[in-house]
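The values are calculated or read from the model by the stated rules, or taken from the named source; none is laboratory data. A quick note: this is a predicted structure, and the numbers were derived from the prediction, not measured. Cβ atoms come from the backbone with ideal geometry, glycine included; neighbour counts cover every protein chain shown. The protein model used for the area step is the full one, side chains on, heavy atoms only, and it has no ligands, DNA or RNA in it. Shrake-Rupley method; radii C 1.70, N 1.55, O 1.52, S 1.80 Å.
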Amino acid sequence: MGSNEYVVRTKGLIKEFTMGEETLRALNGVDLDIRRGEYISIMGPSGSGKSTLFNAIGGLDKPTSGSVFINDVDMAQLDAAELAYLRCHTIGYIFQSYNLIPVMTALENVVLPTIFAGMPTDDGIERGIEMLNKVGLGHRLHHRPTELSGGQQQRVAIARSLANRPSIVLADEPTGNLDLKTGTEIIELLRELNRNEGVTIISATHDYKMVDVSDRVVWIRDGRIAKIEERADIDLKIGEMNVNE
Amino acid sequence: MSDQPIEQPQNVPGKVQKQVSLRFAKAWEITIKSIKIRLGRSLITAAGIALGIAFYSSVRAAGLFPSTAIGPEAIAAGHRQQWLAVMALMVCFVGIMNSMLMSVTERFKEIGTMKCLGALNRDIVMLFFLEAMMMGLTASFTGWLVGWLIVVVIHIFTGGFQPSFIAGSVMEMLLSTGIGVAITLMAAIPPAVRAAQMPPAIALRSSI
């Protein structure tokens, strides 16, 4: 596979925010290579820079310096239309607060990205129903987000993120607003989709339940990668970590 | 299907296609849906526009009737009429600005979400342009009609109605509707453009 082995690579990623007269460095030189088909968790306390990293990888915000490569394409070199194409076809997004369009039904929400992709209406609806069935919401197609529970809304968001068959799904605190049981279900669903669809899942989280299913865990602290653990190492330490929490 | 690696054109290293713009028919469909679903909210916004224009058009329509006063009194009445029209225009300007600004800024998050799903900046501007256009047109026309009818009815009852009044009204209709649409677009488009140009992360963070 060669260089195509890595679906996402970041080099010397720096992001600064200006707050009044102070400059805050949220990311301080992050180099990260993410393999195709991997389930990777970016862990760290709030304020550690994981959401900033999420936004940079997803092309939702421009880094101050450094580069992000998606499938070996330097994101900084893309114009607005190419970036939009990438967001539409290559990356799916899942957010802590679901970010569903409140006035649309579950199905309409899932079909929306297929509209932006220029898919014919019938195909889009078919795809939407297929995805909602896959996340176990086949019986809630025409419900609005307000008529759904948090876990169900996040399932709709997951279905939506996969509508255009992206190669990467980015999840920012996907279980942050959910209770323990629902959170576990969402994590398991993501893992299942990762295995069955081959989609790379990158999840920014501070939910330790994520560690169990991740192939790798990247620990972020003060805008830097503190350590990267492979699954094999994590299994040994999981008990210890729960104590620390 | 399940264990087959995902092979898509965009996975070719070094190449990304350009996103195509939303087709007009689709944008129209989304706009209609968006207005219909938010019917309550849309009606309030539309009422804001219609009331402003109704006020303006009634003042203008009243000015179409020849004053019964003569001499210096007529001049004073004319000035008062002009002053009222300017005031009415200002009131409707602020009213429309307020309702439209609110209805766009409360949807910044939605705009950010749509960009994450692959919308181009011009798709978003088109959606808001169509919505503002539709709201502006219907509401301004309704507003003009209401204001005009009130004046006509009053004059019929007070016996001062003349058929020649109708002729002058066509211009007034175009003027009132035009002003209403212009203010609506002026209020809706700049914030929509601003939100569309924001990096999605910032549009998503914004809350009101």
* Structure fact -> Per the Cα gyration tensor, the stretch A:66-148 corresponds to an equivalent ellipsoid with semi-axes, largest first in Å, of 28, 15, 11
* Asked: Tell me, which residues of the stretch A:52-90 get at least 30 Å² less accessible area when the other protein chains come in, versus the chain alone (1.4 Å probe)?
  -> A:Leu60, A:Asp61, A:Asn71, A:Val73, A:Ala81, A:Glu82, A:Ala84, A:Tyr85, A:Arg87
* Determine the share of chain B's accessible area contributed by carbon and sulfur atoms, expressed in whole percent, with a 1.4 angstrom probe. => 72
* Working from Cα positions, state the angle (0 to 90°, nearest 10) between the long axis of helix A:231-244 and the longest principal axis of chain A. => 80
* Which pairs, out of A:Lys181/A:Lys209; A:Lys50/A:Lys227; A:Lys209/B:Lys115, put more than 21 Å between their alpha-carbon atoms? -> A:Lys209/B:Lys115
* Along its principal axes, what span do the Cα atoms of the protein assembly as shown show, with the longest given first and each in whole Å? -> 100, 52, 43
* Summed buried accessible area for B+A [probe radius 1.4 Å, Å², rounded to 100] -> 3600
* Volume per residue of the C-alpha convex hull in chain A, rounded to whole Å³ -> 141
* Would you list the P(r) distribution for the stretch B:33-137, with all Cα-Cα distances sorted into 10 Å bins from 0 and each bin expressed as a whole %? => 13, 33, 23, 15, 10, 4, 1
* Structure fact -> quick note, the protein assembly as shown, DSSP beta bridge pairs, % antiparallel (nearest 5) is 55
* To do: With viscosity set to 1.567 mPa s and temperature to 4 °C, compute the Stokes-Einstein D of the stretch A:1-91, Rh being the Kirkwood radius across alpha carbon pairs; µm²/s, no decimals.
  => 93
* Under Stokes-Einstein, with the Kirkwood radius over Cα pairs standing in for Rh, what whole-number D in µm²/s applies to chain B at 4 °C and 1.567 mPa s? -> 65
* To do: Output the direction-averaged projected area (hull surface divided by four) of the convex hull of the alpha-carbon atoms of the stretch B:155-208, in nm².
  => 6.4
* Asked: What does the accessible area per residue of the protein assembly as shown come to in Å², with a 1.4 Å probe and no ligands, DNA or RNA counted?
  -> 46
* Structure fact -> Any GluC sites (Glu not before Pro) in the stretch A:1-87 that lie in a DSSP loop and have at most 11 other Cβ atoms within 10 Å would be A:Glu21
* Which value, to two decimals, describes the C-alpha radius of gyration of the stretch B:102-185 once divided by 2.2 N^0.38 Å? -> 1.61
